[in-house]
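Engineer: Handing you this structure, nothing more for now.
The values are calculated or read from the model by the stated rules, or taken from the named source; none is laboratory data. As the structure is a computational prediction, the values presented were derived from the model and not from experiment. Here Cβ is always computed from backbone atoms with ideal geometry, including for glycine, and neighbour counts include all displayed protein chains. All accessible areas refer to the heavy atoms of the entire protein, side chains included, with ligands and DNA or RNA removed. Shrake-Rupley method; radii C 1.70, N 1.55, O 1.52, S 1.80 Å.
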Amino acid sequence: MFYQISGVGPIRKSAGFSLVELMVVVGVLSLLAAILLPAISTAQGKAREVSCNSNLRQVGMAMSLYLQDNDGAYPYAVDVVDVHVIPFWASYPDFQKDIPSLPQVQDVLLPYTNSRFVYRCPADTGFISPDFQMALMNAFPSSFQKFGSSYGYRTEIAAKKITESQIRKPAEINLFLDLAGQWHGTLYPLAQRYNVLFADGHIKNLDRAQINGLWANPL
């Protein structure tokens, strides 16, 4: 349709988008979102994993300094889960008896880290129950905010009062690890993954089956 304005040539009335054109645009935008969002999510997840590994590396350095100052003896301490699963330690009655009065490992190592935030995994979104113990803890909004740490300690080392020199294969012993596998896991394919600090100081990201194998490794 044309309109005639005095002194000006005919002007065409611009037509709006048709319904079909609008649906095509929406479809294209939806497709782009489907392509880009997983990539963005993966990049964000990788960034959180790198930051978590950096924190664990600092924890490992703090432990190394602690061992130097204590003749190779690991902290006689507990992690944030132990006080919720005291019956689990029935095989170690002396340690079990001491648990309520023992310090948490992150507090013992604090003089060597000078920051509590190295015990915060940036992917920590909490949990109802830690992955490796049957305990209702309601660690929300995050384990770090609720209990002071995102990481579990292999407290068996403390229960047995093991020293650094007694660990036969330190590269195969998990010293600290994420308390929940969904923090670094994936929804598709569904998988739990954990960042792990080993007794020799190296760090790896492992799946649930690999973690189960580590727990079975003798000290």
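Engineer: Mind listing whichever residues of segment 102-129 are hydrophobic (A, V, I, L, M, F, W, C), buried (at least 16 other Cβ atoms within 10 Å of the Cβ) and either closer than 30 Å to Thr186 by Cα or touching a residue at least 24 places away in the same chain (Cβ under 8 Å) (or both)? Step through it out loud before you land on a result.
Structural biologist: Kept after step one, since they are hydrophobic (A, V, I, L, M, F, W, C), are these residues of segment 102-129: 102, 105, 108-110, 117-118, 121, 123, 127-128.
This time we only want the ones that are buried (at least 16 other Cβ atoms within 10 Å of the Cβ), so: 102, 105, 108-110, 118, 121, 123, 127.
Those that are hydrophobic (A, V, I, L, M, F, W, C), buried (at least 16 other Cβ atoms within 10 Å of the Cβ) and either closer than 30 Å to Thr186 by Cα or touching a residue at least 24 places away in the same chain (Cβ under 8 Å) (or both): Leu102, Val105, Val108, Leu109, Val118, Cys121, Ala123, Phe127.
Engineer: Only residues in segment 130-145 that are touching a residue at least 60 places away in the same chain (Cβ under 8 Å) count as the first member; pair them with residues that are in a loop (DSSP other than H, G, I, E, B) and acidic (Asp, Glu), Cβ under 8 angstrom, at least 6 apart or cross-chain, and list the lot.
Structural biologist: Final answer for the pair search is Ser143/Asp124.
Engineer: Which condition from (1) open to solvent by less than 50 Å² (accessible area, probe 1.4 Å); (2) in contact (Cβ under 8 Å) with a residue 24 or more places away in the chain is the one that Ile99 breaks?
Structural biologist: Of everything listed in (1) open to solvent by less than 50 Å² (accessible area, probe 1.4 Å); (2) in contact (Cβ under 8 Å) with a residue 24 or more places away in the chain, Ile99 misses just condition (2).
Engineer: Another question, if that's okay. If you scan segment 54-66, which residues turn out to be open to solvent by 10 Å² or more (accessible area, probe 1.4 Å) and either in a loop (DSSP other than H, G, I, E, B) or in contact with a helix residue (DSSP H, G or I) (Cβ under 8 Å, 6 or more places away or on another chain) (or both)? Break it down into steps so the answer makes sense when it comes.
Structural biologist: As a first pass, look at segment 54-66 and keep what is open to solvent by 10 Å² or more (accessible area, probe 1.4 Å): 54-55, 57-58, 60-61, 64-66.
Hits for segment 54-66 are Asn55, Gln58, Met61, Leu65, Tyr66.
Engineer: Also, I was wondering about something else. Residues Asn195, Asn217: which one is over 15 Å from Glu49 (Cβ atoms) and either at pLDDT 95 or above or surrounded by fewer than 21 Cβ atoms within 10 Å (Cβ to Cβ) (or both)?
Structural biologist: Details: Asn195 fails: over 15 Å from Glu49 (Cβ atoms).
Of Asn195, Asn217, the one residue that is over 15 Å from Glu49 (Cβ atoms) and either at pLDDT 95 or above or surrounded by fewer than 21 Cβ atoms within 10 Å (Cβ to Cβ) (or both) is Asn217.
Engineer: Look at Tyr188 and say whether it is at pLDDT 95 or above and in contact with a helix residue (DSSP H, G or I) (Cβ under 9 Å, 6 or more places away or on another chain). Write out each step before concluding.
Structural biologist: Numbers: at pLDDT 95 or above: no; in contact with a helix residue (DSSP H, G or I) (Cβ under 9 Å, 6 or more places away or on another chain): yes.
No.
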